[in-house]
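So the structure is just underneath, and the comments pick up after that.
The values are calculated or read from the model by the stated rules, or taken from the named source; none is laboratory data. Source: prediction; values computed, not measured. Every residue, glycine among them, receives a Cβ derived from its backbone with ideal geometry; neighbour counts consider all protein chains shown. Note: accessible area is taken over every heavy atom of the protein model, side chains too, but ligands, DNA and RNA are not part of it. Shrake-Rupley method; radii C 1.70, N 1.55, O 1.52, S 1.80 Å.
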Amino acid sequence: MRHLGIGGKTSNRTIEPAGGLPAYDPQQRYVAYQAQMRTYNRLKPFFVRGRFQGISEHAHLHTLPGVAGGVINVFNLGDIEQTLTFDVPLDLLGTSTALPVKGAAAEWSAHAVRLTLSLPGMCRP
């Protein structure tokens, strides 16, 4: 999942990639914000009432007590696409069996699930 990235500024040249950012399109950005907020509202209980687990520097798990599974946020802070692989212990997910996974390839073992996914860079030209 990509960070919602909703803020009061469009950018700052000190943090832009060397080639600059793509042209600003307010309508396209507004449509993207609407879609991102629908996703956030659907998953909001995990973020506001859930338990936070730092899986790695680039992966965070949010779980709810008594609910099997969770929501994992994965971050690519670089400028180029990266393939990320990390393991999530099943006890953190509150399950001992495989669960549906969206957005990543999953390999289940007796004690963990290994997730692999590709994320584009933060700033795409």
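Brief remarks on what is shown
- Any pair with Cβ under 6 angstrom, 6 or more apart, that starts in the stretch 93-111 at a residue that is without any contact (Cβ under 8 Å) to a residue 12 or more places away in the chain and ends at one that is open to solvent by 70 Å² or more (accessible area, probe 1.4 Å): 107/114
- Failed item, numbered, when residue 46 is tested on (1) among the aromatic types (Phe, Trp, Tyr); (2) within 12 Å of the chain's Cα centre (by Cα); (3) surrounded by 16 or more Cβ atoms within 10 Å (Cβ to Cβ): (2)
- Residue check, residue 77 of a type in the set (A, V, I, L, M, F, W, C), open to solvent by less than 70 Å² (accessible area, probe 1.4 Å) and modelled with pLDDT under 95: no
- Where residue 82 falls short, out of the listed (1) open to solvent by less than 70 Å² (accessible area, probe 1.4 Å); (2) over 30 Å from residue 18 (Cβ atoms): (2)
- Test set (1) exposed (fewer than 14 other Cβ atoms within 10 Å of the Cβ); (2) under 14 Å from the mean Cα position of the chain (by Cα) - residue 38 fails condition number: (2)
- Qualifying residue in the stretch 40-53 (condition: at negative phi, assigned to a loop (DSSP other than H, G, I, E, B) and hydrophobic (A, V, I, L, M, F, W, C)): no
- Members of the stretch 88-111 found to be among the acidic types (Asp, Glu) and either surrounded by 15 or more Cβ atoms within 10 Å (Cβ to Cβ) or in a helix (DSSP H, G or I) (or both), listed by number: 91
- For first residues located in the stretch 55-76 and assigned to a strand (DSSP E or B), partners that are surrounded by 15 or more Cβ atoms within 10 Å (Cβ to Cβ) and among the aromatic types (Phe, Trp, Tyr) and lie 6+ apart or on another chain with Cβ distances below 6 Å form the pairs 55/86; 56/86; 59/86; 62/46; 71/46.
- With respect to being part of a strand (DSSP E or B), at pLDDT below 95 and small (Gly, Ala, Ser), residue 121 falls outside the description.
- Of all the listed residues (29, 114), the sole one being outside any loop (DSSP other than H, G, I, E, B) and either modelled with pLDDT of 95 or more or in contact with a Phe, Trp or Tyr (Cβ under 6 Å, 6 or more places away or on another chain) (or both) is 114.
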